Amino acid sequence: MDGGDISTISRSVRTLFLSDIHLGTRGCQADALLDFLKVHEAEEIYLIGDIVDGWRLRQSWHWPQAHNDVVQKLLRKARKGARVIYIPGNHDEFLRDYAGSTFGGVEIKEEAIHICADGRKMLLLHGDKFDTVVRNVRWLALLGDHAYDFAIWLNGHIARFRRLMGLPYWSFSQWSKDKVKRAVSFVTAFEEAVVHDARKQGADIVVCGHIHKAVIRQFDEVTYVNTGDWVESCTAVLEHFDGTLEICRWHNKRKEFMTKATMPRKEALAA
């Protein structure tokens, strides 16, 4: 559903889930995220990894004002009473050394448990521990990171050309990533591994990031949720006050609610 320009409307939700913002990279769509954060207020905000891209910043420094504004906006929300929990990923793994600490009102945790409004137990983690490439072949992961940056750069040029030609937006990087990952069945294996971990921990829902593919999908008794990213898809997951989960895609101050995919427990039991 396309809700038009709602940049002047404030929207309250119970919980907000964000991941893979990649502050410090040229592909980060910080302006879109700032607009999203201005509109949405939440009691709790979970930052589920790769918020800051330490890998890229160690190689070359890129930190424009918009990236600083995102950090300040999140800190301001914490000061105003929102609970903000930061779960580091592989690109900001340096923060894992500070798990259990709080900085500026932001709690750092390795993983987290969240209880939804309808009583369902939710496990939150970034997900890189299930990516064998990241865990076991780090040099290959870094090579893949450079290839992804090139795809993002090329994507920008293609997008500008398509705008000049009056064509709709099309993501080369998303297309190529989907093709490659389908070929190696990476996404399916990743999702199944995450869901298996959730089952072991007795969770009804698992929320992760890492693979930049926003989705809400049911695996028998476990609901798998991926928040997507703020490089290509500009997606976040929202929990409403009745426990319903929803994926929101945000581009150019326009909202598109992709999936109102999980019913509150009371409605699911009645169905």
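The values are calculated or read from the model by the stated rules, or taken from the named source; none is laboratory data. Values in this document were obtained by computation on a predicted structure and should not be read as measured data. Cβ sites come from the backbone with ideal geometry, for glycine too, and all protein chains shown count toward neighbours.
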Just a yes or no: is a residue in the stretch 51-67 polar (S, T, N, Q), under 28 Å from K129 (Cα atoms) and in contact with a Cys (Cβ under 8 Å, 6 or more places away or on another chain)? no
Please list, ordered by first then second residue, the pairs with beta carbon atoms under 6 Å, 6 or more apart or interchain, first in the stretch 10-26 and over 15 Å from C248 (Cβ atoms), second basic (K, R). G24/R56; T25/R56
Within the stretch 37-52, track down each residue that is outside any strand (DSSP E or B) and surrounded by fewer than 24 Cβ atoms within 10 Å (Cβ to Cβ). L37, K38, V39
Any residue that is over 20 Å from the mean Cα position of the chain (by Cα), at pLDDT 95 or above, of a type in the set (D, E, K, R) and over 20 Å from D229 (Cα atoms) - is there at least one of those in the stretch 92-104? yes
Of the conditions (1) at pLDDT 65 or above; (2) under 23 Å from K109 (Cα atoms), I158 fails just one. Which one is it? (2)
Within the stretch 65-75, is there a residue that is assigned to a loop (DSSP other than H, G, I, E, B) and either touching a helix residue (DSSP H, G or I) at 6+ places or on another chain (Cβ under 7 Å) or within 19 Å of R14 (Cβ to Cβ) (or both)? no
What residue, among those in the stretch 53-64 that are assigned to a loop (DSSP other than H, G, I, E, B) and among the hydrophobic types (A, V, I, L, M, F, W, C), is farthest from T235 (Cα to Cα)? W61
